[in-house]
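Every number here is computed from the coordinates shown, using simple stated rules; none is lab data. Everything quoted here is computed from the prediction, not taken from an experiment. For neighbour counting, all protein chains shown are included, and Cβ atoms are generated from backbone atoms with ideal geometry for every residue, glycine included.
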């Protein structure tokens, strides 16, 4: 099985967090990410969550260099 067909657990968790924060369904969040629907608020929250997680990971890597 190639990597494209595997479910991305990290992205799925971000979708769930975004849906909970904005008060919409996970299905809507997924459609916005794929570009099938337009919703600036959903996209903005998703991107903020993603950016925050990436910054957190960078800081952890500085503290624990073997990760």
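The angle separating the long axis of helix 9-22 from the principal Cα axis of greatest extent in the chain is about 50 degrees.
Note on 40, 8: ascending count of other Cβ atoms within 10 Å places them as 40, 8, the fewest first.
Helix-only arithmetic for the chain: the sum of -39500 (n - 2.57) across DSSP H runs with n ≥ 4, divided by the residue total, places the mean residue ellipticity at 222 nm at -23000 deg cm²/dmol. Note on Rg and Dmax of the Cα atoms in Å: of the candidates (i) 15.3, 52; (ii) 11.6, 34; (iii) 14.0, 41, the value calculated from this structure sits at (iii). Of 14, 37, the sequence from fewest to most neighbouring Cβ atoms within 10 angstrom is 37, 14.
Note: relative contact order over the chain, using C-alpha pairs below 8 Å and six or more positions apart, is 25 percent.
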